[in-house]
Amino acid sequence: MPEIRDLLEKRLKILLSCLLGSMLFLLAGLYYCQIYQGDKYVRLAYNNRLRLIRFTAPRGEIFDRNGVPLAVNETTFSIMGYPMDLNTPEKLEKFSTVLIRHGIPMTVSNLEQIIKKQRQAPYRVMRLVPNLTMPQMADLAADADFPLELFPLSVWRRTYPAGAMAANVLGYVAEISEEELKAHAENGYLGGDLIGKAGIERSYEKFLRGEAGEEAIEVDARGRRVRTLDSHPAIKGEDLHLTLDMGVQKQAGELLKNYRGALVAMDVRTGAILALASSPTYDNNPLAWGVSGQEWRRIAENPSRPMMNRAISGIYPPASTFKAFMSISALEEDVITSSTTFNCAGALRVANRSFRCWRHSGHGPENVLTALQHSCDVFFYQVGLRMGIERLIKWGRRFQLGQLTGVDLPGEQPGVIAGPEWKQRRFRESWYQGDTVNYSIGQGYILMTPLQIARVYAAIANGGKLVTPHLCALSYQKPRDLHLTPEKLALVQKGLEYVVSRGTGSRAGRFGVTVAGKTGTAQNAHGPDHALFVGYAPAEAPRYVAAAVIEAGEHGSSVASPMVGALLANMLSHPAGQDQEKMVTEDGSTTKQNEDVSKAHH
Amino acid sequence: MESQSISLIKEDIAFLDRPMIGCVLVLVLWGIVCIYSAGAGSLGQGGELAVKQTLWLFLGCLALIVVMIAGHNRLLDAAYFIYGLTLLILLFTPFLAPKVKGAQSWIPIAGFRFQPSELAKISLILMMSKFLSRYPPLTFRTFLAGLGVMAVPVLLVLLQPDAGSALVYVVISLGMLLAAGAPLRYLGGLIGAGAAFLPFVILFGLREYQRMRLLVFIDPMRDPLGAGYNVIQSRIAVGSGGFWGKGFMMGMQSKLRFLPEPHTDFIFSVCSEEFGFVGDVLLLILFAVLFCRIIGAGARSRDPRCRIFVAGVAMWIWVQMFESIGMSIGLMPVTGLPLPFLSYGGSALLSLFIVLGLVESIYIENNKFRSVIHALS
């Protein structure tokens, strides 16, 4: 053993001397860099001869499902310069006169402000004048007084051909803010970069963004380029193909034109969204090009809130559209059966309060089928009382009400399914039976987004699978099976068919396709009632679901149901509808496509 | 009883290796100064980061004392168990950890983000010292077995994928094999084989960005701005520091957020820009003293496990220091390894203090033993 002990001792000594030796090597490197200054970059930076330029990458473009461009890039010019070349007021004044001579109203104080905002290091390039067209730029560069130290740089700018039509889906890009810079400190953003501020532009920022290019150049004493030291080209971001169908989206936008509200349409089996319209809307083009504070306020502070995407952020009482959910959960809980009948006398007295049916004369005896068809309130009051609030909330959770649907857009609202605990917390009041009664016709402490309503109906249409709504296949998720009994589901589906074929929603059935759905009229404390309709088609083999919520639209049957009917008919007749069929004929084929896409991104 | 154990702790603390603790404290405090300065730029959170790091320092000291009391013997005895447990954690990390910057290596526990690959360094060192002292790598078979012990965690972190940690594990293990007396021809052969395989690894085994970083290192003109942009900025920062440096809070490169991650990966550039060549020399002296103390603690021990153990600890600190400083002046490729003791980061600091607790425990045992011998003679 003593040999090995000696060996170990020797080895430790060797190791220590290696470590210390390597540190001398580091020290030599540091000496070279700091004292001897042999480093090319250090020398150039010291002599003010190094310039670093950053090129923004063209952003990935966005297309609809048929390849219609929704967000594209256009070339514009910016005038760039370095802080060290603009260090005297005279230089700025000279530049300003040139600009003003060519019709660009920029004063010295404007320029000073721009420089102050972007200045990072003397040799780091800044953008002095953005958004110039080719003729403007050529005109400027030809001016004899144009400062030689400045130079034009072509820049990609975002435009949205569909404009207001898809603004609530696409969102827009704009210059990164101070807060965003801090939040994204790790992702290599710099001041002046563009970033997705809303919609798809924001949720897929990572994919769309691309990689900025850089160039290091050596300049002479007057700031003119001597040689390129190093360069690295910009890499374009990845293109996105959405599930959106611009034809359907356009139609939805036109249907909503004179109303406030939302209209969504999606594939019942995959959750792929074909249309997601919100009205009023806004034009995202000026926002992407940069608007003045005044213009911005005009859009952002508009009382009808055009920038709010009502399809995912507007929360409304589901009203009678909730009755399909009530029916399936009561059937599943065996609270009612297909033959359970309640008599509707026009009102129901619960704890000294009278709850009316919308038809004051009453419907007489109603079973679940006819109650859906007539939208009988009293029948569902009875169902709600038998279920009890706890079971209602349990089923609400199962359908993920009061939770985000996970759609790939920012700003989604979860809605509310409030139970006794919530009421206690919020109002310090206990839960009354009357609250449950209200609940069972989708009023009171229950609020849903139009997308959530569509999602519940997609699950009823597709045999009990809760889909994840999405606008891009990258966010596709396998639907979650709710394990509903097929016969009970078929009963609810039948009731919804009756609504359109012979009940309150007949106006949805006048477009040549068989629709099943439900009307709704949501009480609105602030004015006229909201009108709702949600339906799917074809009723016998459901493909698409669509939901409309029209603020202050009075009755669901008159305003909202024809919108949904027209939209569903269009989708089924549309050639894209056929494509979609091919895509999802075998279960899982969309999943495969999705995997391919995500692979391509890695 | 209680007072007795407290007096035992007091006794232990009295035997502490003061130069080593002193070096470490100066390094960490210096690091906090640099973190404050690095974060004070457009990040605007210098104070916040410095306070957090100070809290981690206190937590680290606490951990050091706890580990020291638990003692290296106990942990070395349990080395196989700890190693096995760590491998399990590493195996499950990809499932537990949310993706941060493309690499899955953090597990959030009770609000803390904890990095299993840091902890695995400790258990790898414990395991290797126990294993290599039991089966000295003097024959080819035992040498291969020692490599096997290293290979498992290396493969697991490569899956995360965390190439930086894998590199650290390999260097630690090679150093420990050397310290454990492995024939030099085996080690030479291994490094030679590794060098021969390197082109294949670069071509097939690396991700695009990793390949680029390596190629940039080999040929800086290839794409210096793409992958080497950080390096240019860092070189300008270090180089502009000059002999005396620009002074505390005067560094431009870090203030203007030119350097990526100035408070973590590029903390040395911040330090070097503000404190200059003089600061660098001082920093390297502190590290040199630290290495001498760590290896000295093992060299005096009669337990071969301890001798191999300190080699692992020294190699760990060394490889990260060498890589981090080398990277900031373009001598080494960019890997994103933090500079030990100085870089911002709780997990890293904590695990360093834990191994130093073990080194202290080894040191104290020798010291006590010697004082007993001394008293007897």
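Quick note: the coordinates plus some simple rules give every number you see, no bench work behind them. Quick caveat: nothing in here was measured; it's all calculated off a predicted structure. Virtual Cβ from ideal backbone geometry, glycine too; neighbours counted across all protein chains shown.
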| request: Let me have the relative contact order for region A:50-241, percent, based on Cα pairs under 8 Å that are six or more residues apart. | output: 35
| query | Does the protein assembly as shown come out rounded, prolate or oblate by the C-alpha gyration tensor, with a ≥ b ≥ c the root eigenvalues, rounded set by a/c under 1.5 and, if not, prolate when a/b is larger than b/c and oblate if not? | reply | oblate
| message | Tell me whether region B:150-202 comes out rounded, prolate or oblate; compute the Cα gyration tensor, take square roots of the eigenvalues as a ≥ b ≥ c, and use a/c under 1.5 as the rounded threshold. | response | oblate
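How high is the relative contact order of region A:246-601? Use alpha-carbon pairs under 8 Å, at least six apart in sequence, and give a whole percent.
Averaging sequence separation for qualifying contacts and normalising by length gives 20 percent for region A:246-601.
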| field | Spatially close lysines, pair count over region A:50-241: Cα under 23 Å, gap of eight or more or interchain | value | 12
| field | Beta bridges by DSSP in the protein assembly as shown, antiparallel share as percent, to the nearest 5 | value | 95
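Taking other Cβ within 10 Å of each residue's Cβ, how do A:470, B:263, B:374 sort, fewest first?
Working: A:470 24, B:263 29, B:374 8.
Lowest to highest Cβ neighbour count: B:374, A:470, B:263.
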| task | Could you go through region A:132-137 in sequence order and give the Karplus-derived ³J(HN,Hα) for each residue, using 6.51 cos²θ - 1.76 cosθ + 1.60 with θ = phi - 60°, rounded to whole Hz, and x for Gly and Pro? | result | 9, 7, 4, x, 4, 5
| said: Quick check on my link table: of A:423/A:494; A:323/A:423; A:13/B:130, which ones sit more than 31 Å apart, alpha carbon to alpha carbon? | reply: A:423/A:494
| field | Estimated vicinal HN-Hα couplings, Hz - region B:139-156 in sequence order (Karplus 6.51, -1.76, 1.60; Gly, Pro = x) | value | 9, 5, 5, 5, 4, 5, 4, x, 4, x, 4, 6, 5, 4, x, 4, 5, 5
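Evaluate E = 1/(1 + (r/R0)^6) for residue A:302 and residue B:66, where r is the Cβ-Cβ distance and R0 equals 60 Å; express this FRET efficiency to the nearest 0.05.
Between residue A:302 and residue B:66 the formula returns 0.45.
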| said: If amide hydrogens are placed 1.01 Å from N in the peptide plane, which non-local residues have theirs closer than 5 Å to the one on residue A:544? | reply: A:268, A:537
| query | Where the only charges are on Cβ atoms (+1 Lys, Arg; -1 Asp, Glu), what is the dipole of region A:50-241 about its Cα centre, to the nearest 20 debye? | reply | 120
| said: Cut-off under 15 Å on the C-alpha distance; same-chain residues fewer than 8 positions from residue B:10 excluded. Which aspartates and glutamates are left, in chain and number order? | reply: B:2, B:360, B:365
| task | Please report how far the C-alpha centroid of region B:325-352 lies from that of region A:311-383, rounded to the nearest whole angstrom. | result | 66
| request: Pick out, from A:276, B:57, A:451, the residue whose Cα sits farthest towards the positive end of the charge dipole of the protein assembly as shown, with +1 on the Cβ of Lys and Arg and -1 on the Cβ of Asp and Glu. | output: B:57
| Averaged over A:224-233, number of beta-carbon atoms from partner chains that fall within 10 Å | 3
| request: For region A:131-213, calculate the relative contact order in percent as a whole number, restricting contacts to Cα pairs under 8 Å that are 6 or more residues apart. | output: 25
| remark: By the mean-Cβ-within-10 Å protection proxy, highest first, A:339-349, A:194-204 rank as A:194-204, A:339-349
| message | If packing is taken as the average count of other Cβ atoms within 10 Å, what order do A:302-311, B:268-277, B:167-176 fall into, highest mean first? | response | B:268-277, B:167-176, A:302-311
| task | Among DSSP beta bridges lying fully in region A:50-241, give the percent that are antiparallel, nearest 5. | result | 90
| request: With unit charges on the beta carbon (Lys/Arg positive, Asp/Glu negative), name the residue among A:314, A:345, A:380 whose Cα is farthest towards the positive pole of the charge dipole of region A:246-601. | output: A:345
| remark: Ordering A:508-520, A:432-444 by per-residue average of other C-beta atoms within 10 angstrom, highest first, gives A:508-520, A:432-444
| field | In degrees, nearest ten, helix A:377-387 long axis to first principal axis of chain A (Cα) | value | 80
| note | Residues whose built amide H sits under 5 Å from the amide H of residue A:80, excluding neighbours closer than 5 in sequence, are A:128, A:151, A:153
| message | Averaged over its residues, how many other protein chain Cβ atoms are within 10 Å of peptide B:133-140's Cβ atoms? | response | 1
| query | Which one of B:78, A:573, A:501 is farthest out on the positive end of the charge dipole of the protein assembly as shown, using unit charges on Cβ (Lys, Arg +1; Asp, Glu -1) and the Cα centre as origin? | reply | B:78
| task | Please list the non-local residues whose amide H lies under 5 Å from the amide H of residue A:240, H modeled 1.01 Å from N, same-chain partners needing a gap of 5 or more. | result | A:61, A:62, A:63
| said: Suppose each label sits 7 Å from its Cα in the direction of the beta carbon; what would the residue A:183-residue A:341 distance come out to in nanometres? | reply: 5.9
| note | Residue span residue A:112 to residue A:13: 0.36 nm per residue of separation minus Cα-Cα distance leaves a gain in nm of 29.4 nm
| So what are the ³J(HN,Hα) numbers for region A:472-479, from phi and the Karplus equation (6.51, -1.76, 1.60; θ = phi - 60°), rounded to whole Hz, Gly and Pro as x? | 9, 4, 4, 9, 4, 10, 4, x
